[in-house]
Amino acid sequence: MSIRTVEMALSTPGLDAEGRPVQVPLGVGGRDTAESRIPGHYDEDFGAEHMLVNIGPQHPATHGVLRLVLELEGETVKRCIPHIGYLHSGFEKLGEYRQYNQIIPLTDRTDYLSPMANNVCLALAAEKLMGIEITERCRVLRVIACEMSRIISHLVWLGTTGIDLGAFTPFLWSFQERERIYNLQEAWTGARLTTSLTRVGGMMADIPDGFEAGLREFTRTFPNTLREVDTMFTRNAIWCGRTQGVGVLTAAEAINYSLSGPMLRASAVDYDVRKDRPYLGYETYDFDVAIGEHGDIYDRYRIRLEEMFQANRILEQALDRLAALKGAPLNVDDPRLILPPKRRAMSDMEAMIYHFKQVMEGIKPPVGEAYMGIENPKGELGYYFVSDGSAKPVRWRIRPPAFINLASLPKMCEGALLSDVIAINASVDIVMGEVDR
């Protein structure tokens with residue numbers, strides 16, 4: 001589904017005879033570009049020296065401990081060098097010393113804006129390695145977890161990017177809606193950020209009473225807020241002037257940088273893991289994949305906005321399926337994988353033995369390797385496991401979309417203005433817990 005961009009003047013547009021805004025072409029080809037806003041290019045004989053400017057690592061607009069070293073000629077960025085590694089997380093190495101279920105809390109802390117989706121990916125990767133087929137109810141609940149995470153992550157991006165560009169009101173709208181989902185997430189998992197929702201072969205817990213009604217009410221009213229944001233931003237002259245034609249990546253460049261998610265689809269590349277490599281039965285859900293045209297900040301905004309509309313559609317369908325699966329089993333019926341209820345473990349000898357062996361020895365997959373990728377809010381998140389037959393992986397490798405998408409930042413910043421760097425960096429939607437994994 002193609003997104004039609006809106007060409008607008010930087011100043012307030014006039015109206016034609018029919019009362020519609022007059023379309024004023026900007027820059028080259030009718031779109032505003034960094035070059036078109038510079039009154040002439042800098043002369044090589046001007047004699048100005050290049051300046052080095054640091055943005056971060058303690059700067060609110062870098063959205064984490066990211067340091068950008070900019071080489072400037074006047075206000076034009078000649079070179080951008082990102083510096084990462086300030087968190088020293090070491091999640092991948094920590095995973096080699098933990099059983100598969102014990103790795104799940106580590107995934108909460110990578111992309112901490114979508115922890116439930118991270119939990120789902122880890123469980124799917126381990127289940128693929130072990131050849132486990134989960135129940136239908138578990139599959140639907142994991143879809144709900146993933147789409148709730150998508151909305152949460154995009155709402156944070158929308159609000160903070162608006163603040164970066166000077167718009168405060170949509171920040172309040174988006175964080176108010178985010179808080180409603182966090183209340184549901186907390187009721188389900190007991191936590192707002194560190195959810196640890198999944199288990200190999202199932203879930204940590206079933207949804208509580210009232211969860212379905214609360215989520216249905218959210219899906220009913222949430223599109224109203226999205227339409228308010230659409231009205232505020234999409235045809236706003238200032239927003240269009242700051243985002244159209246800025247941070248452009250062509251389709252070939254996006255593919256060469258191995259981008260994924262909204263960053264890739266904004267460059268007119270139709271790739272979504274949910275459609276191209278379906279998992280959790282996504283092929284049976286009715287939703288559209290938003291595709292951009294120009295690969296600029298404006299298209300990335302339009303795609304993320306549309307993805308929230310589509311996530312809302314998926315949640316409505318999942319809730320309908322959940323109602324039909326009322327009373328169906330949640331976890332696989334295998335005591336070697338799923339811990340028995342505490343009441344049984346304290347009263348039944350066989351259940352106590354299964355509990356003891358699973359906790360002390362862990363789940364032992366066969367020798368082999370497995371990779372599982374899912375469509376996370378920021379792009380394709382992949383977990384790769386190598387097993388030697390023991391209860392702990394020999395190697396746990398993360399494919400972090402934020403880290404890979406960040407590699408395109410220097411390319412997008414070259415030739416842009418210093419003031420555009422903040423907007424370009426925000427459009428990548430990085431989270432440093434995932435970058436410094």
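None of the figures in this text is laboratory data; all of them are computed from the coordinates on show. Computed from a predicted structure; not experimentally measured. Don't worry about glycine lacking a Cβ; one is built from the backbone with ideal geometry, like all the others, and counts go over all protein chains shown.
Size estimate for the stretch 191-237 follows the Kirkwood approach: the inverse of mean 1/r over distinct Cα pairs works out to 13.9 Å. With respect to the chain, whose longest principal axis is taken over its alpha-carbon atoms, helix 418-428 is tilted by about 30°. Judged by the mean number of other Cβ atoms found within 10 Å, the most tightly packed of the peptides 54-67, 248-261 leads the ranking 248-261, 54-67. Whole-Hz Karplus values for the stretch 323-336 come out as 5, 6, 9, 4, x, 6, x, 9, 9, 5, 8, 8, x, 6 Hz, taken residue by residue from phi with 6.51 cos²θ - 1.76 cosθ + 1.60 and θ = phi - 60°; glycine and proline positions read x. Each residue of the stretch 257-265 was assigned a 3J(HN,Hα) from its phi angle through the Karplus curve 6.51 cos²θ - 1.76 cosθ + 1.60 (θ = phi - 60°); the sequence is 7, 6, 6, 8, x, x, 4, 7, 5 Hz, with glycine and proline shown as x. Structure remark: mean-square fluctuation, Gaussian network model of the chain, C-alpha springs under 10 Å; the largest value among K275, K411, K357 belongs to K357. Taking 7 Å steps out from each Cα toward its Cβ at R216 and D348 produces label points 3.4 nm apart. Projecting the Cα atoms of L280, T189, G159 onto the charge dipole of the chain, computed from C-beta unit charges around the Cα centre, puts T189 farthest toward the positive end. From the alpha carbon centroid of the stretch 280-354 to that of the stretch 394-437 is 28 Å. Cross-link partners among lysines for K93, C-alpha distance below 22 Å, same-chain residues fewer than 8 apart left out? Once the sequence-local lysines are set aside, what remains near K93 is K128, K364, K392. For the stretch 97-109, putting each phi into the Karplus relation 6.51 cos²θ - 1.76 cosθ + 1.60 with θ = phi - 60° gives couplings of 10, 9, 5, 4, 5, 6, 7, 4, x, 5, 5, 4, 9 Hz, in residue order, rounded to whole numbers and with x for Gly and Pro. Seen through its C-alpha gyration tensor, with square-root eigenvalues sorted a ≥ b ≥ c, the stretch 296-429 comes out oblate because a/c lies at 1.5 or above while a/b is not bigger than b/c. Tilt of helix 115-130 relative to the longest C-alpha principal axis of the chain, in degrees (0 to 90, nearest 10)? Around 50 degrees separate the two axes.
Apply 1/(1 + (r/R0)^6) to the Cβ-Cβ distance of E228 and E293, taking R0 = 22 Å, and write down the FRET efficiency to the nearest 0.05.
FRET efficiency, E228 to E293: 0.35.
Projecting the Cα atoms of V289, L319, Y301 onto the dipole axis of the stretch 279-326, where Lys and Arg carry +1 and Asp and Glu carry -1 at the beta carbon, places L319 farthest toward the positive end. With the cut-off at 1.5 for a/c, could you classify the stretch 76-155 from its C-alpha gyration tensor as rounded, prolate or oblate? Oblate. Every pair of different Cα atoms in the stretch 232-318 enters the Kirkwood calculation, which places the hydrodynamic radius at 13.8 Å. For the chain, a Gaussian network of Cα nodes joined below 10 Å ranks F385, F233, F211 by mean-square fluctuation, and the top entry is F211. By the compact-protein rule of thumb, 2.2 N^0.38 Å, the alpha-carbon radius of gyration of the stretch 124-244 corresponds to a ratio of 1.29. Within the stretch 311-362, the percentage of alpha carbon pairs spaced more than 12 angstrom apart rounds to 70%.
Calculated mean residue ellipticity, 222 nm, the chain: -13500 deg cm²/dmol, from DSSP H runs (n ≥ 4) at -39500 (n - 2.57) each, averaged per residue and rounded to 500. Kirkwood hydrodynamic radius computed over the stretch 91-435 comes to 20.9 Å, based on all pairs of distinct alpha carbons. What separates the Cα centres of the stretch 167-208 and the stretch 60-94 is a distance of 29 Å. If you take all other residues with their beta carbon under 14 Å from the beta carbon of Y112, and give Lys and Arg +1 and Asp and Glu -1, the sum is 0.
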